[in-house]
1. Answer yes if at least one residue in the stretch 178-201 is over 28 Å from L287 (Cβ atoms), in contact with a strand residue (DSSP E or B) (Cβ under 9 Å, 6 or more places away or on another chain) and without any contact (Cβ under 8 Å) to a residue 60 or more places away in the chain, and no otherwise.
2. Tally up the residues in the stretch 27-41 that are closer than 8 Å to A177 by Cβ and either over 19 Å from the mean Cα position of the chain (by Cα) or polar (S, T, N, Q) (or both), please.
3. Tell me which residues, restricted to the stretch 281-296, are of a type outside the set (K, R) and under 21 Å from the mean Cα position of the chain (by Cα).
4. Anything in the stretch 209-245 that is touching a residue at least 24 places away in the same chain (Cβ under 8 Å) and either closer than 30 Å to C198 by Cα or touching a Lys or Arg at 6+ places or on another chain (Cβ under 8 Å) (or both)? List them, or say none.
5. Restricting attention to the stretch 48-74, and to residues there that are among the charged types (D, E, K, R) and assigned to a loop (DSSP other than H, G, I, E, B), which single residue is modelled with the lowest pLDDT?
6. Kindly indicate whether S8 is in contact (Cβ under 8 Å) with a residue 12 or more places away in the chain, closer than 20 Å to A176 by Cα and in contact with a Pro (Cβ under 6 Å, 6 or more places away or on another chain).
7. Does C168 qualify as being crowded, with 22+ Cβ neighbours inside 10 Å, over 24 Å from L280 (Cα atoms) and in contact with a strand residue (DSSP E or B) (Cβ under 6 Å, 6 or more places away or on another chain)?
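The values are calculated or read from the model by the stated rules, or taken from the named source; none is laboratory data. Predicted model only: the values in this text are computed from it and were never measured. Cβ: placed from backbone, ideal geometry, glycine included. Neighbour counts: every protein chain shown.
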Amino acid sequence: MMDAATYSPLCADADGVITFSFLLRPEYAMISLMSAIEPLRIANRLAGKPLFRWQCFSEEGESVLASNEMSLSRHLGFKDRELPKNLFVNSSFNPRRYLSQCSVKWLQQIKRRGGCIGAFDTGCFLLAEANLLNGHCVTMHWEAVPVFAELYPEQGISTDLFVVDGACVTCAGGVAATDMMLSLIAPFCDKKLIEQICDQFIGQGVRDKHVEQRIGMSERLNIHNPRLLKVLKLMEANLASPITTADLAEQVHISLRQLERLFQRYLQMTPSRYYLKLRLTRAKQLLCETSLSVSQIALACGFGSPSQFSRSYRKEYLIAPNTARKDASPIVL
């Protein structure tokens, strides 16, 4: 039972069982869904009684193809059941291609009723379109953050594995859904049951929500020079307003020549070339996943003019920005 002093955003059914509902969007990550459901299944088995239920929704009850090209056999449509109390949007690749007014209105109805609404991975894009994130801090898969931040610049974004902010619960996706779910159900289970669920997963317990989503830059790039790592982090944090190579060297207290040697040794390119590749990679993501104009993208990625951006983009990818966009235009409401 939940301690009276312990807050939980979840709403129980009349019989005391908590039902989790998942809205599946095309190309959703099945790993997130399974990582969320399995703790519930194991909790019921170990407790010897139903503590939790789960159900999956799609707009018309149609089967939804996940990113692994697999699908589940049973779904509920929006009209098949009363509005769910605890609803999580499960989305992953190309979230803006699958925005729909039907889903927006349904989510707004759930919010007006007072239910808990959350999201896995890129599900925040749909919640944002429904204006359900105002005043809430959210998290999402690290790869989606740059696009989301450009589209919703006023929205508070965390890098945590999951965030519980009132009745808004968001998760970075993947196996972090297990950590989030164990945290959510802990007030309704005794500590021993949670430990037993972790044992069933061959796990070491619930990860702290502040654990980094990504492997550290040092491990990712196999670089352990602290000054070079600091420069790389400065570059990633300043894509819209690039710092000159000379200023980067000054900030880490080495000469320009020393910095250039470090880049050649560890990355086999000049600092300016590496910085340009970072900015063009961000630009490519914004082109493919947003409806921002080429001028806006050029500005967001630190280019002095759209023409300068177009020349750099064409040289890097052998295609003009506008042509690249036509091949991957997002579908909007």
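1. Looking only at the stretch 178-201, we keep the residues that are over 28 Å from L287 (Cβ atoms), and these are 178-201.
Then keep just the ones that are in contact with a strand residue (DSSP E or B) (Cβ under 9 Å, 6 or more places away or on another chain); that gives 179-181, 183-185, 188.
From what's left, without any contact (Cβ under 8 Å) to a residue 60 or more places away in the chain: 179, 183.
Checking the stretch 178-201: at least one residue is over 28 Å from L287 (Cβ atoms), in contact with a strand residue (DSSP E or B) (Cβ under 9 Å, 6 or more places away or on another chain) and without any contact (Cβ under 8 Å) to a residue 60 or more places away in the chain.
2. The number of residues fulfilling the criteria is 2.
3. Pass one, the stretch 281-296, residues of a type outside the set (K, R): 281, 283, 285-296.
Within the stretch 281-296, T281, A283, Q285, L286, L287, C288, E289, T290, S291, L292 meet the criteria.
4. K209, H210, V211, E212, Q213, R214, L239, P242
5. Here is the first cut: in the stretch 48-74, the ones among the charged types (D, E, K, R) are 49, 53, 59-60, 62, 69, 74.
Now restrict to residues that are assigned to a loop (DSSP other than H, G, I, E, B): 49, 59, 62, 69, 74.
Details: K49: 95, E59: 95, E62: 94, E69: 95, R74: 84.
Within the stretch 48-74, the match that is modelled with the lowest pLDDT is R74.
6. Values: in contact (Cβ under 8 Å) with a residue 12 or more places away in the chain: yes; closer than 20 Å to A176 by Cα: yes; in contact with a Pro (Cβ under 6 Å, 6 or more places away or on another chain): yes.
Considered against the rule, which asks whether it is in contact (Cβ under 8 Å) with a residue 12 or more places away in the chain, closer than 20 Å to A176 by Cα and in contact with a Pro (Cβ under 6 Å, 6 or more places away or on another chain), S8 comes out as yes.
7. On the way: crowded, with 22+ Cβ neighbours inside 10 Å: yes; over 24 Å from L280 (Cα atoms): yes; in contact with a strand residue (DSSP E or B) (Cβ under 6 Å, 6 or more places away or on another chain): no.
In short, no.
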